[in-house]
Amino acid sequence: MNHLRIIVLAKQVPDTRNVGKDAMKADGTVNRGALPAIYNPEDLNALEQALRIKDRFPESEIVLLTMGPGRAAEIIRESMYRGADRGILLTDRKFAGSDTLATSYALSMAIRKLEPYSLILAGRQAIDGDTAQVGPQVAEKLGIPQVTYAEEIGEIADGKVTVKRRLERGVETVVATMPLLVTVHNSAPPCRPRNAKRLMKYKYAHTVSEMQHSNEDYFAWQNDRPYLRIDEWSVDDVQADENMLGLSGSPTKVKKIENVVFKAKESKVLAPSDADIEWLVRELIHNSTIG
Amino acid sequence: MNNLLVYCEIDEGQVAEVSLELLTKARSLAHQLNCQLEAVAIGASLDGIPDQVFPYGVDILYVAEDPRLSPYTTIPHASIVNRLIRQEQPQIGLFGATSIGRDLAPRVASALRSGLTADCTQLEIGDHYEKRIDTEYKNLLYQIRPAFGGNILATIINPETRPQLATVREGVMKKEPLADFRAGEIRKLPVVEWLSDTDFVVEIIDRHIEQRKVNIKAAPIIVAGGYGVGSKENFQLLYDLAELLGGEVGASRAAVDAGFTDHERQVGQTGVTVRPKLYIACGISGQIQHRAGMEESSMIISINKDPNAPINHIADYTIIGDVGEVIPKMIRYYKKNSK
Ligand SMILES: Cc1cc2nc3c(=O)[nH]c(=O)nc-3n(C[C@H](O)[C@H](O)[C@H](O)COP(=O)(O)OP(=O)(O)OC[C@H]3O[C@@H](n4cnc5c(N)ncnc54)[C@H](O)[C@@H]3O)c2cc1C
């Protein structure tokens, strides 16, 4: 039980928490380009849980798996700086347009290539969709149990894991058998910062596509340092069925996107003076709003 | 066949509010679709459930009763829902967007390979024409939800897969029992046959669930505080005013995050939706996610130092001033002018 393989699912997302005016197009759709791409916050909580397990069982291996365009390799490097051992970028045009069902199918096919694993950790949800669906759906596709909203991963022994879950009105502690998928809640501890030594070590970790687009001879570098290779897997590499991916594999369709508009009212503006406030209170009593 | 199915969440023999809200909405959708309303109750002691759900117009109640089914764990509940859906082929399946619903629904959707939309705030029935294949789809479920941090509203459909699955946020739909109803039919499900021991791989060893202390949804008057209230101590002013007016205290997320008050009082997209007679927003800027939970209040008063705060645009009255100064005056003049 000393070397667990832990797969962390993470996603690069547009930062929807601070959507400025320029991020919305006139037709009400989001201009993704105007939003910075960040490491999905709860995926960092998940990474931290993986790192804490590795602190306890140093021979464990943390594999970061992400699906996205080429630039998503950034979050793999970020994970390496913080302690992940290796990363895989699942990338292919054929994945584009996948909804949560198609995405979880793709991820589950990649995970099958990483067998045997003990744990899959993922953030509860991603801030660009807030669906919280991918974790449970991956678990179902793999036929393994899930424990959602984890706040703390406790004892790991005899093929079982103890997990404390954060529910909307309380907490619950469960014991589950491995292999297991756990989604991590934002009430779990934040992720540790980058480690300076690891930053130096993994700065040049690249995918093949990144190396091809670079002027430097990273290939020669990587020959001596295989840990700098970030694997890129395509649909064919994970033997996925194209019909279950992308738009054709996605049962949900977006019919319409609208800007949220609120009915503006003609507001009566008052001062904080005694006169104005007494007037308002009497008005409210008079029209029976307050009794 | 092809009815509408609602998963009823049950806690200590009580059907959750969100499930009753869903049943109310589902009843009107079933009426529009000219189909029946079905509900499924899964748990340990379910004798009291029929009396709780039939007033909402449930035609058929499926009951899966077994001591091992409470408290909720994912796989056993998912196995039963999957079997039931495969057997009864509902066209729509609805769940609350709660800790339970958001854990269960994706597991079910994946097993059935059906589309699922999370956290809907509106459900409607409508048609869809797909140009690409020149096909008209009739009577689809429009699943409407905020997206991109609440800045847009997306309408999602599942043209091809059945059932059309959705989770629905608590507190956005109104719960309305019927004055006049007839008891529906109860059908017991063969739990022992449908479950196997391997379904019970996750064991709950400890549980601390707090009872809901406040229910601000039902309050006729809400005095809500935001980050501008400044501190937990200052929030006391809001409690004083709310008590005097016979109301409850609400809050923005920034106020909850700052620890001024509890999450149960949070109003908005990730809190509750309220429609009181009077909403007094104190030191709340009125970001889109907050307004989403209170814009239907009959009357809105904003107390804010900033004349340009977005909340003022939807307020009936705006008092430009400091919360700490305005509220004591409101209290004073209320006491003076009410009998
Ligand atoms: C996905 C998502 C979901 C969210 N869900 C919710 C939700 O459910 N509910 C929610 O509320 N927010 C939600 N938010 C957060 C929301 O975007 C805002 O950050 C939050 O509502 C701001 O709270 P606030 O108005 O109290 O604070 P601020 O925006 O900081 O506003 C404080 C206001 O107080 C005024 N003020 C300051 N001092 C005083 C004073 N002494 N007297 C009078 N006025 C004063 C200021 O002028 C300002 O207008 C969500 C955000 C995201 C991204």
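Please state which one of B:I222, B:I216, B:I320 is modelled with pLDDT under 95 and not charged (D, E, K, R). Before the answer, list the steps.
Values: B:I222 fails: modelled with pLDDT under 95; B:I320 fails: modelled with pLDDT under 95.
Result of the check over B:I222, B:I216, B:I320: B:I216.
Would you say B:Q36 is away from chain A (no Cβ under 14 Å) and under 16 Å from B:G184 (Cβ atoms)?
Working: away from chain A (no Cβ under 14 Å): yes; under 16 Å from B:G184 (Cβ atoms): yes.
So B:Q36 fits the description; yes.
Please go through the range B:211-236 and give me each residue that is within 14 Å of chain A (Cβ to nearest Cβ) and either within 14 Å of the ligand (Cβ to nearest atom) or aliphatic (A, V, I, L, M) (or both), ordered by number. Don't jump to the end; show me each part of the working.
Just the residues of the range B:211-236 that are within 14 Å of chain A (Cβ to nearest Cβ), to begin with: B:211-215, B:219-223, B:228.
Result: B:V214, B:A219, B:I221, B:I222, B:V223, B:G228.
Would it be correct to say that B:P328 is more than 7 Å from the ligand (Cβ to nearest atom), more than 9 Å from chain A (Cβ to nearest Cβ) and open to solvent by 10 Å² or more (accessible area, probe 1.4 Å)? Walk me through it before giving the result.
Working: more than 7 Å from the ligand (Cβ to nearest atom): yes; more than 9 Å from chain A (Cβ to nearest Cβ): yes; open to solvent by 10 Å² or more (accessible area, probe 1.4 Å): yes.
Yes; evaluated as a whole, the condition is true for this residue.
Filter the range B:251-286 for residues that are facing chain A (nearest Cβ under 10 Å) and either closer than 16 Å to B:G149 by Cβ or within 9 Å of the ligand (Cβ to nearest atom) (or both); which is most open to solvent (accessible area, probe 1.4 Å)?
Checking each candidate, the answer is B:T270.
Only one residue in A:Q137, A:Q125 is outside any loop (DSSP other than H, G, I, E, B), closer than 20 Å to A:L64 by Cβ and either modelled with pLDDT of 95 or more or open to solvent by less than 10 Å² (accessible area, probe 1.4 Å) (or both), so which one is that?
Numbers: A:Q125 fails: outside any loop (DSSP other than H, G, I, E, B).
Answer to the check: A:Q137.
Applying the selection to the range B:64-93, what residues are over 24 Å from B:L33 (Cβ atoms) and away from every other protein chain (no Cβ under 14 Å)? Even if it seems obvious, please write down each step before you answer.
Narrowing the range B:64-93 to residues over 24 Å from B:L33 (Cβ atoms): B:64-80.
Correct list: B:A64, B:E65, B:D66, B:P67, B:R68, B:L69, B:I80.
How many residues does the range B:174-200 contain that are buried (at least 17 other Cβ atoms within 10 Å of the Cβ), in contact with a strand residue (DSSP E or B) (Cβ under 8 Å, 6 or more places away or on another chain) and among the hydrophobic types (A, V, I, L, M, F, W, C)? Spell out the reasoning first.
Residues of the range B:174-200 that are buried (at least 17 other Cβ atoms within 10 Å of the Cβ), as a first pass: B:184, B:189, B:191, B:194-195, B:199.
Narrowing further to those that are in contact with a strand residue (DSSP E or B) (Cβ under 8 Å, 6 or more places away or on another chain): B:184, B:189, B:191, B:194.
Remaining after also requiring among the hydrophobic types (A, V, I, L, M, F, W, C): B:189, B:191, B:194.
Residues that pass the stated criteria total 3.
Criterion first (open to solvent by 20 Å² or more (accessible area, probe 1.4 Å) and more than 20 Å from B:E9 (Cα to Cα)) does B:I205 satisfy it?
Working: open to solvent by 20 Å² or more (accessible area, probe 1.4 Å): yes; more than 20 Å from B:E9 (Cα to Cα): yes.
Yes: the conditions hold for B:I205.
Looking at A:R82, A:R77, can you tell me which residue is touching a Cys at 6+ places or on another chain (Cβ under 9 Å) and among the charged types (D, E, K, R)? Don't jump to the end; show me each part of the working.
Numbers: A:R77 fails: touching a Cys at 6+ places or on another chain (Cβ under 9 Å).
From the options A:R82, A:R77, the qualifying one is A:R82.
Considering only residues that are closer than 30 Å to B:I144 by Cα and open to solvent by less than 40 Å² (accessible area, probe 1.4 Å), look in the range A:223-261 and name the one that is modelled with the lowest pLDDT.
Only one residue tops the list, namely A:V260.
Can you name the condition, by its number, that A:A264 falls short on among (1) without any contact (Cβ under 8 Å) to a residue 24 or more places away in the chain; (2) more than 14 Å from B:I301 (Cβ to Cβ); (3) surrounded by 13 or more Cβ atoms within 10 Å (Cβ to Cβ)?
So A:A264 meets the others, but not (3).
Each row is one residue, and each column tells you yes or no for (1) within 14 Å of another protein chain (Cβ to nearest Cβ); (2) under 24 Å from A:Q133 (Cβ atoms); (3) open to solvent by 30 Å² or more (accessible area, probe 1.4 Å); (4) in a helix (DSSP H, G or I).
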{"position": "A:D43", "(1), (2), (3), (4)": "no, yes, no, yes"}
{"position": "A:Q49", "(1), (2), (3), (4)": "no, yes, no, yes"}
{"position": "A:I53", "(1), (2), (3), (4)": "no, no, no, yes"}
{"position": "A:E59", "(1), (2), (3), (4)": "no, no, yes, no"}
{"position": "A:L65", "(1), (2), (3), (4)": "no, yes, no, no"}
{"position": "A:M80", "(1), (2), (3), (4)": "no, no, no, yes"}
{"position": "A:L89", "(1), (2), (3), (4)": "no, yes, no, no"}
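Having 2 or more residues that are farther than 23 Å from A:G97 by Cβ is the bar; report the strands (runs of 3 or more DSSP E) wholly within the range B:147-194 that clear it.
Details: elements: B:152-157, B:164-168, B:185-188.
So the answer is B:185-188.
Taking the residues in the range B:287-306 that are open to solvent by 10 Å² or more (accessible area, probe 1.4 Å) and more than 9 Å from the ligand (Cβ to nearest atom) as candidates, determine which candidate is farthest from B:V172 (Cα to Cα).
Within the range B:287-306, the subset open to solvent by 10 Å² or more (accessible area, probe 1.4 Å) is B:287-292, B:295-296, B:298-299, B:304-306.
The next check asks that each one be more than 9 Å from the ligand (Cβ to nearest atom); those that pass are B:295-296, B:298-299.
On the way: B:E295: 12, B:E296: 11, B:S298: 16, B:M299: 18 Å.
Applying the filter and picking the extreme gives B:M299.
The values are calculated or read from the model by the stated rules, or taken from the named source; none is laboratory data. The model shown is predicted, which means the values in this text are computed figures rather than measured ones. No Cβ is skipped: glycine too gets one built from the backbone with ideal geometry, and neighbour counts run over all protein chains shown. With ligands, DNA and RNA removed, areas are computed over all heavy atoms of the protein, side chains included. Shrake-Rupley method; radii C 1.70, N 1.55, O 1.52, S 1.80 Å.
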